[in-house]
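The values are calculated or read from the model by the stated rules, or taken from the named source; none is laboratory data. Remember, predicted model here, so these are calculated numbers, not experimental data. Here the Cβ is made from the backbone with ideal geometry for all residues, glycine too, and neighbour counts use every protein chain on show.
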Amino acid sequence: MESKLPHIGTSIFTVMSQLAAKHGAINLGQGFPDFPMSAELIECVNQAMKDGGNQYAHSYGVPALRTALAEKIQFLYGTNIHPETDITITPGGTYALYTAFTTIIQPGDEVIIFEPAYDSYIPNITINGGVVVPIALSFPTYTIPWDKVKAAITPKTKAILVNSPHNPTGTVMTHTDILQLQEIIVTNNLYLISDEVYEHLIYDNKPHASILKYPELYKRSFIIYSFGKTYHCTGWKLGYCIAPDHLSKEFRKVHQFNVFSCDTPKQLGIAKYMSNKEAYLTLGNFYQEKRDYLRALLKDTPLQAIPSSGSYFESYSYASISNEADTLFAEKLVTEYGIATIPMSAFYHDGTDHKVIRLCFAKQKETLDAAAACLQKLKN
């Protein structure tokens, strides 16, 4: 059989997690919390099951959940989103991204992405016959070089993908960034896919410049979110896509013949739980404390933090310790120091290596203490 993804191997997250398990290492590689989620939310889902909410949900999502999301968007961003036409519940953010790409890409269409990039983007574009146009973020600030974006536009450019807060670097797009993006999108009549799964995980009092705040951009956008990131339940695999009516109609054509509908009791439970606004309004401070705690533990090590303003992650340069490839350095951290991280080169199509590793700080205090004890053994 001829592979549709001949250049894609095993995910770096799987590789590092397996290596961590083999050596009994602490895993700060894959991004998921290791602390309990809300007992109240669990009870909401249990009650939904007991009340009979166990059959197929509406293909677009449970109406109560879509209504709750529309109310949340109005509350946060002052934007009116129609819950019937503009919101589709999906089995996770990654699925929503894939479906958005599948909706718009025709063979030969070019899609601009920014690297380092979440590892699903390139395969999603490629498997749909698209052509990936990667643009490297400016190192070490990981900001977008807008002059290079403008230069990369061709008659075949179909869409641009942005991700803020950004995985893996934790950078956050500004209002100025969005205005430059808007000019490019509108002038060239492009689509936009905006990955905003970490919308509430923003630090240092920075605002989230959601595409939902920009009407001209929203007309051309698929905006992706994740309940897993917001409610510490990544294993539930529930997310949603927000897009205007004319785009949602096409998105839903793909969606209905793939998964059709998503887990009913979890949707009902989340819909009820969303009345608790504090659960997401306090999330930024909750995770910033963890970021700052890990920073403090590592400040006297040779690792140099590359500041993160959002997401679960912060990157660290090990350039003062070693000049070896980041994949080898990350492997050594597992086998010799007992801690698993992710080498940043894994997020570049060509393996660009700046001697940087990514750490996940979405962990309980005891895990961060143990991880830091491993890293504190590093010497110049």
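Just checking, how many residues over the range 344-373 are outside any loop (DSSP other than H, G, I, E, B) and either in the same structural domain as Leu201 (by TED's automatic domain parsing) or out of contact with any Gly (no Cβ under 6 Å at 6 or more places or on another chain) (or both)? Talk me through it step by step, then tell me what you get.
Step one: list which residues in the range 344-373 are outside any loop (DSSP other than H, G, I, E, B), which gives 344-347, 356-360, 365-373.
Next, only the ones that are either in the same structural domain as Leu201 (by TED's automatic domain parsing) or out of contact with any Gly (no Cβ under 6 Å at 6 or more places or on another chain) (or both) stay: 344, 346-347, 356-359, 365-373.
Result for the range 344-373: 16.
Return yes when Val162 is in a loop (DSSP other than H, G, I, E, B) and closer than 30 Å to Tyr231 by Cα and no when it is not.
The answer is no for Val162.
Please give the number of the condition Asn285 fails out of (1) among the polar types (S, T, N, Q); (2) in contact (Cβ under 8 Å) with a residue 24 or more places away in the chain; (3) part of a helix (DSSP H, G or I).
The failed condition is (2).
Within the range 222-240, which residues are surrounded by fewer than 24 Cβ atoms within 10 Å (Cβ to Cβ) and not hydroxyl-bearing (Ser, Thr, Tyr)?
If the condition is that a residue be surrounded by fewer than 24 Cβ atoms within 10 Å (Cβ to Cβ) and not hydroxyl-bearing (Ser, Thr, Tyr), then Gly228, His232, Cys233, Gly235, Trp236, Lys237 are the ones that fit.
Just to verify a result, which residue in the range 54-73, among those that are out of contact with any strand residue (DSSP E or B) (no Cβ under 7 Å at 6 or more places or on another chain) and closer than 26 Å to Asn167 by Cα, is surrounded by the most Cβ atoms within 10 Å (Cβ to Cβ)?
Ile73
Among the residues of the range 32-44, is there at least one that is at pLDDT below 95, aliphatic (A, V, I, L, M) and not in a loop (DSSP other than H, G, I, E, B)?
no
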